[in-house]
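What follows is a set of notes on a single structure, which appears directly below.
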Amino acid sequence: MTKKLARTFLTIGLMSLILASPLSAQQDTENADPMQLARGAKAWAENCARCHNLRSPSDLDDEEWHVSVIHMRIRANLPKATADDIMAFLHASNRDQK
Amino acid sequence: MTRKMFSRILGAASALSLAWAFGTGAVLAQTTENDPVSITNIPFLDMPLETASEKSPYYGPVTGAGAAAGQNGSPKHLPDSIWHLAGYAQAGAFITNGDKNDSFMEGKFSPGFHFLYKEVIMFEAELEIETEDGETKVALEYSQLDWLVLDNTTLIFGKFLSPIGLFRERLHPGWINKLPSAPVGFGHGGVQPLSEIGFQVRGVMPLSSGEPFESARITYALMVGNGPRLGHGGIELEGFSDDDNRNKSFGGRVAFLPVPYLEFGFSYLGANVVGPEDHDTEENLVGNYDLIGFDASYTRSSFDIRFEFLDSRIRGLEDEDHLIAAVGRLVPLSVGPEEEAELLETNADWRAWYAQAAYRLDGISDHRIIKNLEPVIRYGRLRQSGNHELEEANENQLTLGLNYWLAPSAALKLAVQLRDFRDPDRADETIFQFQVVYGF
């Protein structure tokens with residue numbers, strides 16, 4: 001039983017890796033994409049309240065959001081594309097002026 | 001639920017997930033670039049989208065190999081390397097009404113340090129500084145190096161919180177936990193492993209397949225660690241730097257999210273455990289430990305509903321010399337000093353589950369005070385067997401709580417916990433709990 005479960009796990013893990021790799025070829029966009037902010041706002045509301053309360057964008061500055069969103073991308077297993085959209089939204093809607 | 005059934009369910013679930021993954025493989029890479037976004041009114045954004053986009057030129061910077069090769073991995077206005085202090089603090093009072101009337105105060109400060117280099121490397125560590133009975137204890141909760149090797153895959157080395165189940169990795173900080181205490185069996189000395197030292201690969205496989213499942217995904221965290229150890233204090237489920245046998249522990253958690261607010265997770269951990277003496281000899285291999293777990297969460301708008309189940313056991317403890325007493329870490333509120341502890345019988349089982357529901361009243365009221373209130377109910381059970389002391393801890397636990405949120409990460413928490421011990425000789429207890437928490 002143990003071995004069977006272990007094998008199931010390994011299979012899922014490997015499949016995930018295989019499936020995940022082509023997705024990593026997300027291209028960088030050169031131009032401003034206003035839709036990114038709209039996607040980001042939605043993704044923020046849907047993903048960032050799953051484990052704890054949503055913190056207001058104005059709670060942190062750009063630098064702090066940058067670290068925390070990457071921290072959460074790891075902890076919550078978020079796709080990079082989703083984390084980037086959320087980051088764009090948070091940077092745009094906090095009070096940080098650069 | 002029997003293990004056989006469980007492994008079948010796990011098998012079926014993974015087969016289904018994989019079928020979903022392949023079925024939707026064709027549309028996988030298409031993100032929502034041209035999809036209509038259903039949100040028209042973006043909270044906190046008080047400027048036109050175009051202006052905001054210019055303020056935030058953040059369009060998926062280069063990661064992994066690209067960033068390592070010198071391409072910038074941070075938004076233009078941010079430095080490549082950033083460090084950040086976060087963490088949480090909590091203080092509380094617990095008053096017990098039962099056989100022995102008891103009360104204690106807790107104070108805990110957990111600073112977390114994050115060092116980020118571009119979007120490639122993150123080092124994160126958290127300390128746990130605790131005061132109990134006038135003594136201050138400092139412990140390293142975790143200390144890990146995260147390498148964001150691919151967009152959706154991260155490798156982790158070091159001491160990390162166990163990815164088994166939900167509570168430890170995601171819910172235990174005071175400002176996240178909806179109640180002042182951990183569910184029975186999920187705290188220190190519980191069934192849920194606390195931390196591991198080893199290696200982890202974790203990530204996500206997006207399965208976007210059109211509305212309403214455009215954010216469906218499978219996430220995974222697979223680990224190899226030094227595993228649990230059979231010590232003088234029973235089986236110990238915290239990360240150890242020296243491995244006591246050549247067989248590492250192996251396991252992890254795989255979860256399926258059809259939509260972001262609904263998650264089903266499956267956990268497994270397997271390891272061989274040996275006694276503390278005579279390292280490295282074949283005869284020392286005295287037991288086989290394994291754990292299976294299932295969890296489910298629904299977290300939408302004002303609701304936060306969770307269920308978590310863990311079932312672990314040790315089989316084949318044949319060597320008489322190594323039938324170690326099982327008090328301490330495995331038994332919450334351990335009974336009596338270790339010397340008086342009883343031996344484990346050849347086999348031991350530990351099982352715990354809880355179901356919890358919280359509802360934030362902002363869902364029904366705009367009132368300036370009422371909207372910050374959050375009633376919580378949790379029911380949990382701990383069942384263990386192997387010797388009398390393990391069995392004595394068996395408990396049904398009901399906790400009712402009310403939180404007042406001062407800020408998204410600061411709250412006052414009040415709760416009443418009814419502890420119904422299964423042992424007829426052990427008196428039931430009622431604990432009044434009060435806690436102040438702040439996450440920063």
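Bear in mind these aren't lab numbers, they're just calculated from the coordinates by the rules spelled out. In this text, all values refer to a predicted model and were calculated from it rather than measured experimentally. Every residue, glycine among them, receives a Cβ derived from its backbone with ideal geometry; neighbour counts consider all protein chains shown.
Applying 1/(1 + (r/R0)^6) with r as the Cβ-Cβ distance of B:D425 and B:H188 and R0 = 25 angstrom yields a FRET efficiency of 0.50.
Take the Cβ atoms of B:L412 and B:S385, set R0 to 41 Å, and the FRET efficiency comes out at 0.60. Computed from the C-beta positions of B:S81 and B:L140, the FRET efficiency with R₀ = 25 Å rounds to 0.65.
Using 0.36 nm per residue, how much length does the chain from B:F264 to B:Y404 gain when fully extended, once their Cα-Cα distance is taken away?
Working: separation 140, 0.36 × 140 = 50.40 nm, distance 2.87 nm.
The span from B:F264 to B:Y404 would gain 47.5 nm if fully extended.
In this simple spin-label model, placing a label point 7 Å from the Cα along the Cα-to-Cβ direction at both A:D61 and B:A296 gives a separation of 4.6 nm.
Pairs from the list B:K137/B:K413; B:K100/B:K371; B:K100/B:K159; B:K118/B:K413 with a Cα-Cα gap above 32 Å: B:K100/B:K371; B:K100/B:K159; B:K118/B:K413.
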